[in-house]
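Novice: Structure in structure tokens, see below.
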Amino acid sequence: MVALYLLILHWFSSLFCQSFFLHRYCAHKMFTMSKFWERFFYLLTFICQGSSFLNPRSYSILHQKHHAHSDTPKDPHSPDNHKNIMDMMIHTYKYYHEILNTEDEKIDKTIEHHYPSWKSIDDFSRTNLNVFVWPIAFLILYIYLEVHPLIILFAVPIHSVMGPIQGAIVNWFGHNLGRRNYDLGDNSRNTLIWDIPLMGELYQNNHHYSCQKINFAHKWYEFDPTFFLIRLLDYFKIIKIKRSCL
């Protein structure tokens, strides 16, 4: 049971950081925060994503290109362009690293962008040491907690690639499976039954319809957990939601 609790904690903390910080703050600038809180959530994202940490600038540019070219040949991660989910993720990984290694990558100029950066974290996250230190840390933790070796063999690899697993689910099933509230020019869908464990990220059709709307749930029966947490952070004045995004 300890392993299950740790996997659940890591799943939701990693997903929250991706949805709240990388997606809605870095890529779409739906709210503002002070430099202190930006640093706090930057560090939290690095800790929660670990070996699969995504650089905010590179993630943002990748995501903006996805919106600009959704389900076309230029989309960096559309199921339409790939024969299976693994092929899509390999292509996404290569595309992400091309952006990561390009200083003057062209971006969508329609949104004012400030990409948070933290040189020491950014530099370390790109090293082989970052890839190995987190699995080793989880391995030591599980051994200390006296978890069964077979469970360790199952759990540690999941911890190590938590981010790619979540990204694969959102991008593959969010454009393959579910219903549509809006008839758009792409294949984005709302995968309702799975969306709460994905923290609102599987309301792909809603999000593609109005990508600057901070609440991804548009119907009365839809619920966006990340938006609920964003409202709490706004209430306590940790962040400030832009009125144009409500």
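The values are calculated or read from the model by the stated rules, or taken from the named source; none is laboratory data. Just so we're clear, the structure is a prediction, and the values are computed from it rather than from any experiment. Note that each Cβ is placed from the backbone with ideal geometry, even for glycine, and that neighbours are counted across all protein chains shown.
Novice: Going by the structure shown, is Glu112 touching a helix residue (DSSP H, G or I) at 6+ places or on another chain (Cβ under 6 Å), over 25 Å from Ile169 (Cα atoms) and at pLDDT below 90? Walk me through it before giving the result.
Specialist: Details: touching a helix residue (DSSP H, G or I) at 6+ places or on another chain (Cβ under 6 Å): no; over 25 Å from Ile169 (Cα atoms): yes; at pLDDT below 90: yes.
Judged against the criteria, Glu112 is not a match.
Novice: Looking at (1) of a type in the set (Asp, Glu); (2) modelled with pLDDT of 95 or more; (3) buried (at least 19 other Cβ atoms within 10 Å of the Cβ), which is the one condition that is false for Asp195?
Specialist: Tallying (1) of a type in the set (Asp, Glu); (2) modelled with pLDDT of 95 or more; (3) buried (at least 19 other Cβ atoms within 10 Å of the Cβ), Asp195 fails exactly one: (2).
Novice: Does the range 212-231 hold any residues that are under 22 Å from Gln166 (Cβ atoms) and surrounded by fewer than 17 Cβ atoms within 10 Å (Cβ to Cβ), and which are they?
Specialist: Phe223, Phe228, Leu229
Novice: Inspect the range 146-166 for any residue being of a type in the set (Val, Ile, Thr) and touching a Pro at 6+ places or on another chain (Cβ under 9 Å) and give the result as yes or no.
Specialist: The initial filter retains those residues of the range 146-166 that are of a type in the set (Val, Ile, Thr), namely 147, 151-152, 156, 158, 161, 165.
Going one step further and asking which of them are touching a Pro at 6+ places or on another chain (Cβ under 9 Å), we end up with 156.
Yes, the range 146-166 contains a residue that is of a type in the set (Val, Ile, Thr) and touching a Pro at 6+ places or on another chain (Cβ under 9 Å).
Novice: Of everything in the range 28-44 that's among the hydrophobic types (A, V, I, L, M, F, W, C) and touching a residue at least 60 places away in the same chain (Cβ under 8 Å), which residue is farthest from Ile238 (Cα to Cα)?
Specialist: The initial filter retains those residues of the range 28-44 that are among the hydrophobic types (A, V, I, L, M, F, W, C), namely 30-31, 33, 36-37, 40-41, 43-44.
When the remaining residues are screened for being touching a residue at least 60 places away in the same chain (Cβ under 8 Å), the result is 30-31, 33, 37, 43.
Numbers: Met30: 14, Phe31: 10, Met33: 7, Trp37: 7, Leu43: 16 Å.
Residue satisfying both the conditions and the ranking: Leu43.
Novice: Out of the range 181-235, which residues are among the hydrophobic types (A, V, I, L, M, F, W, C) and in a helix (DSSP H, G or I)?
Specialist: Restricting attention to the range 181-235, the residues satisfying the condition of being among the hydrophobic types (A, V, I, L, M, F, W, C) are 184, 192-194, 196, 198-199, 202, 211, 214, 216-217, 220, 223, 227-230, 232-233.
Of everything in the range 181-235, those that are among the hydrophobic types (A, V, I, L, M, F, W, C) and in a helix (DSSP H, G or I) turn out to be Leu192, Ile193, Trp194, Ile196, Leu198, Phe227, Phe228, Leu229, Ile230, Leu232, Leu233.
Novice: Sticking with this structure for a sec: Picking from Ile136, Ile152, Ile140, which residue would you name as being touching a residue at least 40 places away in the same chain (Cβ under 8 Å), over 30 Å from Thr32 (Cα atoms) and more than 23 Å from the chain's Cα centre (by Cα)?
Specialist: Numbers: Ile136 fails: touching a residue at least 40 places away in the same chain (Cβ under 8 Å); Ile140 fails: touching a residue at least 40 places away in the same chain (Cβ under 8 Å).
Within the list Ile136, Ile152, Ile140, the selection yields Ile152.
Novice: If you check Asp123 against the conditions, is it in a helix (DSSP H, G or I) and without any contact (Cβ under 8 Å) to a residue 24 or more places away in the chain?
Specialist: On the way: in a helix (DSSP H, G or I): yes; without any contact (Cβ under 8 Å) to a residue 24 or more places away in the chain: yes.
Yes, satisfied.
Novice: I'd like the full set of residues that are part of a helix (DSSP H, G or I), of a type in the set (Val, Ile, Thr) and within 15 Å of His10 (Cβ to Cβ), limited to the range 141-168.
Specialist: Filtering the range 141-168 for residues part of a helix (DSSP H, G or I) gives 141-144, 149-160, 162-168.
Okay, now just the ones that are also of a type in the set (Val, Ile, Thr), so 143, 151-152, 156, 158, 165.
Once the filter is applied, which keeps residues that are part of a helix (DSSP H, G or I), of a type in the set (Val, Ile, Thr) and within 15 Å of His10 (Cβ to Cβ), the range 141-168 yields Ile151, Ile152, Val156, Ile158, Ile165.
Novice: Go through the range 236-246 and report how many residues are assigned to a loop (DSSP other than H, G, I, E, B) and either buried (at least 20 other Cβ atoms within 10 Å of the Cβ) or free of Cβ contacts under 8 Å to residues at least 24 places away in the same chain (or both).
Specialist: Within the range 236-246, the subset assigned to a loop (DSSP other than H, G, I, E, B) is 236-238, 242, 246.
After this cut, where a residue has to be either buried (at least 20 other Cβ atoms within 10 Å of the Cβ) or free of Cβ contacts under 8 Å to residues at least 24 places away in the same chain (or both) as well, the list is 236-237.
Selection size over the range 236-246: 2.
Novice: Is it the case that His23 is part of a helix (DSSP H, G or I), in contact with a His (Cβ under 8 Å, 6 or more places away or on another chain) and on the phi < 0 side of the Ramachandran plot?
Specialist: Working: part of a helix (DSSP H, G or I): yes; in contact with a His (Cβ under 8 Å, 6 or more places away or on another chain): yes; on the phi < 0 side of the Ramachandran plot: yes.
Against the criterion (part of a helix (DSSP H, G or I), in contact with a His (Cβ under 8 Å, 6 or more places away or on another chain) and on the phi < 0 side of the Ramachandran plot), His23 qualifies.
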